[in-house]
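Q: Here it is, the structure in full.
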Amino acid sequence: MSRPLVARIRLDAFRHNYRLAKAAHGGRALAVVKANAYGHGAVECARAIADEADGFAVAMIEEALSLRAAGITAPILLLEGFFEASELLDIQVYDLWIVVHQRWQVDDLLAAHLTRPITVWLKMDSGMHRVGIAPDQYRATYERLKAHPAIAQIVLMSHFARADEPESRHMLQQVETFHAATMGIDAPVSLSNSAAILGWSGAHADWARPGIMLYGADPFVGKAGASIAERLRPVMQLEGAVISVRVISYGEPLGYGGAFVAERPTRVGVVSCGYADGYPRTAPTGTPVAVDGQLTRLIGRVSMDMLTVDLTHIPQADVGSRVELWGDQVPVNEVASRAGTIAYELLCHVKRARFEYSGQSH
Ligand SMILES: Cc1ncc(COP(=O)(O)O)c(C=O)c1O
């Protein structure tokens, strides 16, 4: 009998969310499956939509090569391009698309011995100020790349810093900056991440790049975003079990630091999940969990392999009861915001769980 901690991944929900993203945006959509598909399993997720996805996006070549090795033939975009020019060989052999976001990449690409046509996504820094070509150098960079016979296609792209803020002026400025700098260039455009797909139709273009929404989390986290987010389906159910039960009396402390002190006789369930599994240690008492389908609360400090929950009002719960840490009943966004982080971080840190996949068939 192995430790009862399971990440149930519903691939039909992933497929549903991909279709929703594509329909909400229009045009084509690259499914962002970097960081092992935000912790869900990149190969399994990519295979689940391989027959309909317009392409995939990852952060680095190793992620792309493992998708190719798994039989994924659709376009794969490296979101940060290459980190050194030696990668260009595999980029050509495995027919990968690359983001180019800084001057040295342009220089190295143009100087390389390119034997096959390459598709480049030329990234502009329209206001995020992390990576990207400056707007006033963008057109000239585009022309340099376009003049090279081995650059097959150039997609104009940028990324938003504040698309998840419903009223963001900064967001509008980024869109304006992008359009002003690219006016008159006849090439496909890609601007939108999940939040922009759901909440900013003015940023929709030829290609979308949905990430977090594919996994069923609303990027607006309950802020007045788009109603379509309500139709997203959580893909991961992180499920542990009660492994021990005890009653502590009024005034007795629980767990490390005695961070929780019983306000009344409290029936405590110990659950097979801790921060080494990816559950955030910063989640405070009161963070929701569901035990045998009933909502209750985390109590006390999360430890490495265990956490404790309040079973006082769920008398039928006992050793073996199923505990949903996040999923359908407990939104991962809710756990993340209680813990002072975002769903992205929680999902991609899920470790040590047994991954079980369902919903593969169409
Ligand atoms: C360039 C780029 N596009 C799209 C995405 C997907 O973003 P999201 O998960 O917010 O949809 C990311 C994720 O970080 C990204 O870096």
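The values are calculated or read from the model by the stated rules, or taken from the named source; none is laboratory data. Just so you know, these numbers come straight off a predicted model, no measurement behind them. Reconstructed Cβ throughout: ideal geometry from the backbone, glycine too, with neighbour counts over all protein chains shown.
Q: Which of the residues spanning region 136-152 are under 30 Å from the mean Cα position of the chain (by Cα) and under 19 Å from Ala181 (Cα atoms)?
A: Tyr138, Tyr142
Q: Additional query: Take region 144-168 and flag every residue that is assigned to a loop (DSSP other than H, G, I, E, B) and crowded, with 19+ Cβ neighbours inside 10 Å.
A: His159, Phe160, Ala163, Asp164
Q: Exactly one of (1) within 16 Å of the ligand (Cβ to nearest atom); (2) more than 19 Å from Ile133 (Cβ to Cβ); (3) more than 23 Å from the chain's Cα centre (by Cα) is unmet by Leu172. Its number?
A: Every condition holds for Leu172 apart from (1).
Q: Among residues belonging to region 119-144 that are within 16 Å of Ser190 (Cα to Cα) and of a type in the set (Gly, Ala, Ser), point out the one that is nearest to the ligand (Cβ to nearest atom).
A: Out of the qualifying residues, it is Gly132.
Q: Separate question: Just checking, which of Leu214, Leu191 is within 16 Å of the ligand (Cβ to nearest atom) and touching a residue at least 60 places away in the same chain (Cβ under 8 Å)?
A: None of the other options fit; the residue is Leu214.
Q: Next question, about the same structure. Going through region 7-38 one residue at a time, which ones are within 16 Å of the chain's Cα centre (by Cα), within 12 Å of the ligand (Cβ to nearest atom) and not aromatic (Phe, Trp, Tyr)?
A: Within region 7-38, Asn17, Ala21, Ala29, Leu30, Ala31, Val32, Val33, Lys34, Ala35, Ala37 qualify.
Q: Follow-up. Among the residues of region 60-77, is there at least one that is more than 19 Å from Cys348 (Cβ to Cβ) and within 14 Å of the ligand (Cβ to nearest atom)?
A: Within region 60-77, none of the residues are more than 19 Å from Cys348 (Cβ to Cβ) and within 14 Å of the ligand (Cβ to nearest atom).
Q: For region 201-247, enumerate the residues that are at pLDDT below 95 and aromatic (Phe, Trp, Tyr).
A: Matches in region 201-247: Phe220 only.
Q: Let me ask something additional. Which of the residues belonging to region 24-39 are buried (at least 20 other Cβ atoms within 10 Å of the Cβ) and either among the polar types (S, T, N, Q) or over 15 Å from Ala53 (Cβ atoms) (or both)?
A: Scanning region 24-39 gives Ala24, Tyr38, Gly39.
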